[in-house]
Structures are given as structure tokens and as C-alpha cells.
1. Which members of the stretch 10-29 meet the condition of being out of contact with any Lys or Arg (no Cβ under 8 Å at 6 or more places or on another chain) and either surrounded by 23 or more Cβ atoms within 10 Å (Cβ to Cβ) or among the hydrophobic types (A, V, I, L, M, F, W, C) (or both)?
2. Yes or no: the stretch 30-37 includes at least one residue that is of a type in the set (Gly, Ala, Ser), crowded, with 16+ Cβ neighbours inside 10 Å and modelled with pLDDT of 95 or more.
3. Between residues in the stretch 140-164 that are without any contact (Cβ under 8 Å) to a residue 60 or more places away in the chain and residues that are among the charged types (D, E, K, R), which pairs lie under 7 Å by C-beta distance while being six or more apart or on different chains?
4. Are there any helices (runs of 4 or more DSSP H) wholly within the stretch 88-158 with 1 or more residues that are closer than 13 Å to Leu24 by Cα, and if so which?
5. Surrounded by 15 or more Cβ atoms within 10 Å (Cβ to Cβ) and modelled with pLDDT of 95 or more, is that true of Val64?
6. Of the residues Val105, Val77, Val35, Val70, which is within 19 Å of Glu138 (Cβ to Cβ) and of a type outside the set (Gly, Ala, Ser)?
7. Go through the stretch 60-81 and count every residue that is in a loop (DSSP other than H, G, I, E, B) and of a type in the set (A, V, I, L, M, F, W, C).
8. Search the stretch 98-126 for residues being closer than 16 Å to Val64 by Cα and hydroxyl-bearing (Ser, Thr, Tyr), and hand back the single one that is surrounded by the fewest Cβ atoms within 10 Å (Cβ to Cβ).
Amino acid sequence: MQPGLLVASPQMRDPNFQHAVVLLVSHGPEGSLGVVVNRETQQRMGDIIERMEARSPARANRPVLWGGPVEPGAGFVLWHGTGAEGWTLGEYSLSPSRDRLKVLVESGSDFWLCLGYAGWGPGQLDRELTEGSWIHLEEGVEGVLAAQVHDRYDEALRLLGVNPELLWMTPVDE
């Protein structure tokens, strides 16, 4: 499976992933890794930037995204552009590099910070896809990420051409 988006089934019962859109960056025999890109936290960018001894008043009130339940202190920066580290999907890149975050803050670039990530063990994601918990999208990453955070789930379903009220899947019950 190629990197792309994982869209939670409308019937997903796991509270961590109800109506989640995950940017899947790695999938292989050893497991899978991604970040949730449509959940805001109460934390603000100003809190993080201040600890880095950097300043970005324009980003101070921007919310930090909840990237997933694994390692909630791990940060991943998501931006429109490319970098030497991390992963690139179309026009967007994701990096765990603190240096990348600092460069983006200091340059005034537009970016999102995701805290935590979503991870699956060997074969787990393939099983969940087969069971109907997720829909995988290889195309449309740019359009979904360009949407407002709270609109990304609906945008992903729109790309699929489905009405969530008419889509019935049998997701895992975790």
C-alpha cells in the first residue's frame, strides 16, 4: 500500500479514531505510521514556540494538532513543501525534526505541528482495512490538507464520492 490518507469508517467506534483522517507515511511488513490531521488540541503553537526560544506572533494562537495516541510528546511538523528529512507526499512533507520546526517558525512559513502519532504493528493495518475500519486514499492528499482542519474528514469523503449517512462498513471495535 502506498502512502496517502486513511479515512475512518463512519461507524468507527474507537474514540481515538472516530471521524479521523490519518496521513499515512509509512506502511510495510514491520508496521505502519501516520499522523491524524483533523483533530485540534487545546494547546497553542505559542506554547511550543516559546519553549524553543523562537517567536512567531502570527502563529501563536494557531492550535496544535493531535497526531495520534502513540507518544503524545513526539512532534511532527507538516508543511507545504519538501525537505531532506522525513516523508514527502505530493506537495506536502512531514518531519519529526525539531530543526525543521525551528526553520519553519523563523521563516514565517505556514505549517501544522502534530503531537503524537498513529502506529500499527505488523499486519494490523491490513487487517483493519479488510475489516472495514478504514478507507485508503492514494490521491487527493493535497486537497484534503488544503481544507480547514475541521473540514478534512468531509473533504476526504467527498473525494470518495460517498455520503457518510449511506456508507456502512463494519469497523473493528477497539
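The values are calculated or read from the model by the stated rules, or taken from the named source; none is laboratory data. Predicted model, so just to flag it, every value in this text is computed and none were measured. Ideal geometry is used to build each Cβ from the backbone, glycine not excepted, and the neighbour counts take in all protein chains shown.
1. Hits for the stretch 10-29 are Met12, Phe17, Val22, Leu23, Leu24, Val25.
2. Within the stretch 30-37 (the criterion being of a type in the set (Gly, Ala, Ser), crowded, with 16+ Cβ neighbours inside 10 Å and modelled with pLDDT of 95 or more), the answer is yes, since at least one residue qualifies.
3. That search, which allows pairs on different chains as well, returns Glu142/Glu91; Gly143/Glu155; Ala147/Glu155.
4. Where helices (runs of 4 or more DSSP H) fall fully within the stretch 88-158 and carry at least 1 residues being closer than 13 Å to Leu24 by Cα, they are 124-131, 141-146.
5. The answer is no for Val64.
6. Being within 19 Å of Glu138 (Cβ to Cβ) and of a type outside the set (Gly, Ala, Ser) holds for just one of Val105, Val77, Val35, Val70, which is Val35.
7. Here the count works out to 1.
8. Top of the filtered list is Ser109.
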